[in-house]
Amino acid sequence: MPLLEMKQITKAFSGVYANENVDLSVEAGEIHALLGENGAGKTTLMNILFGIYQADRGEIYYQGKKVEFLSPRDAIDQGIGMVHQHFSLVRKMTVLDNIILGLESRASVLDRKSAAARIRELADKYGLSVNPESRVSELSVGEQQRVEILKVLYRNVNLLILDEPTGVLTPQETEKFFDILRKLKAEGHGIIIITHRLAEIMAISDRVTILRDGKAVSRLVTAGTTPEELSAHMIGRELKKDTSQREGFQPEEMLSLKDVSLSKKRRKKKSLSHVSLGVHKGEILGIAGVEGNGQKELAEVITGIRKNYKGTMTWRGENLAGISVKERFRKGISYISDDRHNDSLIMDMTVTDNIILRDFDCSPYSRWGVLDHKKAEERAGKALENFKIKTSGTSGIRTLVKLMSGGNQQKVILAREITDQAGLIVASQPTRGLDIGATEFVHQELLKQKSQGKSVVLISADLDELLSLSDRIAVMFAGKIVGILDRAEADVFKIGLLMGGVTGEEAAVAERKEAAEPEAARPENARASAEKQETVGPDGCRNQPAAAGGQSRKGGDVA
């Protein structure tokens, strides 16, 4: 008898099916992967299971009994836990308070000491290091994800739903995390894992259900399939293999950081410590590191969000001290943040409004202080077309972004930031939440920017992404650059060691040990393995900003 059966689940929004007659079955002691493009209906299906939505039609059987979850509380009480792609934490509260929030206690006074001890025990057991007394607002995105996982494990779930759980882990940590999942599987837990990383699906799952356009199009046994077959089922075609010969970057240094340091608020500890970097014309500089080690602070210093830094930073030879975020953007510095909800989008505004957030006060969108709605909607329409952005229902460019999937929200940001005028693109986790087709598209777009002589700072937790795109890879640990590797010398093992703070002789010893191991046991094999010159007008705006994605793009069918 399956642990979970979802039968003929159907859900529509504004007359458009998000799920249509979907069946899903998960056994006790099984790791089941759920795969599909952005907007395919994965999150909707899991939200129905977790009681956030109720299905229009269909039935759910859990542990052999027909159930109806009218709220997440109903699902949690039955032993179902879900870690969402977008976190549901109270930012002003501590880690401890977030984890125990909503739990009933027979005692009149909550034993916070015992709760904190239990959290530390789980954190040590599962390798999810986090301080129970820290405020969530002080944590990085990666640390917040650890809190979400701990929150679920604290409730002793039988069925665990994980949405992109390894995006903030090093390869070594991913292997350890997979060991934990295998242990939970051996203990009889059912696990549903949503991930866009095909290598992870092949490494950890037992079966795969693939959704496309709201329907379950394939159910495969992982041992009997291949990544190529999975991608073909998911997007209706095989991914294009990149066989192009890429030119190296040019000697001209466009962005320069010298001895840049940044102290944390109300703390003596530095979030950036004596960082020196140079980014060249036509270069993709990858930034690797476990999240929370200064990558976000580095991006925010470069883009002007954080101002009180020490050291020197120049762009095209001009000192950036005292230059605002808006001025830096108009000088060609664009930013794709890793936290789309808090940093990049206004959730209650439309696609059109979000697309023109950077340029709403510039020609051709604004004349004499009056917004030209027609021009704004023309740009948004081109963005939807060129970036294959899906909106909910039939509202199109007037859709509120809060009603869109996470992947499509990310595409709105990409369409706004990757323009002809962008000379430096600071891209932090640009493919997080995107399906493999959309990820392929973004990769091709970044390579195109490089070929046009533009500079890219690519911050990513996906080492495969960094290795495939970067000319050089700088590794951060505890706010410092602990190593910069040329692409030719970089590999998953070396980068993983540096991400963990292992440098110098320790790294050399580890490399000699790794070289002596059988090839199949090595970490990297365990996971399957011409610039346009801008002009600035008297109003400070870029002259004639191009419609996002206005140039011809190639990269396959993205949805």
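The values are calculated or read from the model by the stated rules, or taken from the named source; none is laboratory data. Bear in mind the structure is a predicted one, so any value in this text is a computation, not a measurement. Every residue, glycine among them, receives a Cβ derived from its backbone with ideal geometry; neighbour counts consider all protein chains shown. Just the protein is used for accessible areas: all its heavy atoms, side chains included, with ligands, DNA and RNA removed. Shrake-Rupley method; radii C 1.70, N 1.55, O 1.52, S 1.80 Å.
Would you pick out the residues in the range 119-135 that are surrounded by fewer than 19 Cβ atoms within 10 Å (Cβ to Cβ) and within 24 Å of residue 298 (Cα to Cα)?
129, 131, 134, 135 - these are the residues of the range 119-135 that are surrounded by fewer than 19 Cβ atoms within 10 Å (Cβ to Cβ) and within 24 Å of residue 298 (Cα to Cα).
Among helices (runs of 4 or more DSSP H) lying entirely in the range 326-433, which contain 1 or more residues that are touching an Asp or Glu at 6+ places or on another chain (Cβ under 7 Å)?
Of the helices (runs of 4 or more DSSP H) lying wholly inside the range 326-433, those with at least 1 residues that are touching an Asp or Glu at 6+ places or on another chain (Cβ under 7 Å) span 351-355, 406-417.
Output the residue which, of all residues in the range 448-464 that are over 26 Å from residue 305 (Cα atoms) and either in a loop (DSSP other than H, G, I, E, B) or not basic (Lys, Arg) (or both), is least open to solvent (accessible area, probe 1.4 Å).
Among them, the one singled out is 463.
Just one of 51, 79 is over 27 Å from the mean Cα position of the chain (by Cα), over 20 Å from residue 339 (Cα atoms), modelled with pLDDT of 85 or more and crowded, with 16+ Cβ neighbours inside 10 Å; which is it?
Among 51, 79, only 79 is over 27 Å from the mean Cα position of the chain (by Cα), over 20 Å from residue 339 (Cα atoms), modelled with pLDDT of 85 or more and crowded, with 16+ Cβ neighbours inside 10 Å.
Find all pairs meeting these conditions: Cβ atoms under 6 angstrom apart; at least six residues apart or on different chains; first residue within the range 273-302 and more than 17 Å from residue 500 (Cβ to Cβ) and among the basic types (Lys, Arg); second residue in a strand (DSSP E or B) and open to solvent by 10 Å² or more (accessible area, probe 1.4 Å).
From the range 273-302, the pairs are 281/254.
With respect to residue 256, is the statement that it is under 22 Å from residue 469 (Cβ atoms), open to solvent by less than 20 Å² (accessible area, probe 1.4 Å), over 22 Å from the mean Cα position of the chain (by Cα) and polar (S, T, N, Q) true?
So residue 256 fits the description; yes.
Here is a yes/no grid of residues against (1) under 24 Å from the mean Cα position of the chain (by Cα); (2) crowded, with 22+ Cβ neighbours inside 10 Å; (3) farther than 30 Å from residue 291 by Cα; (4) among the hydroxyl-bearing types (Ser, Thr, Tyr):
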site: 336; (1), (2), (3), (4): yes, yes, no, no
site: 342; (1), (2), (3), (4): yes, no, no, no
site: 357; (1), (2), (3), (4): yes, no, no, no
site: 367; (1), (2), (3), (4): no, no, yes, no
site: 370; (1), (2), (3), (4): no, no, yes, no
site: 379; (1), (2), (3), (4): no, yes, yes, no
site: 384; (1), (2), (3), (4): yes, yes, yes, no
site: 387; (1), (2), (3), (4): yes, yes, no, no
site: 405; (1), (2), (3), (4): yes, yes, no, yes
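Tell me, which strands (runs of 3 or more DSSP E) wholly within the range 209-313 include 2 or more residues that are modelled with pLDDT under 95 and farther than 20 Å from residue 324 by Cα?
So the answer is 215-221, 270-280.
Tell me which residues, restricted to the range 195-208, are crowded, with 21+ Cβ neighbours inside 10 Å and outside any loop (DSSP other than H, G, I, E, B).
198, 201, 204, 208
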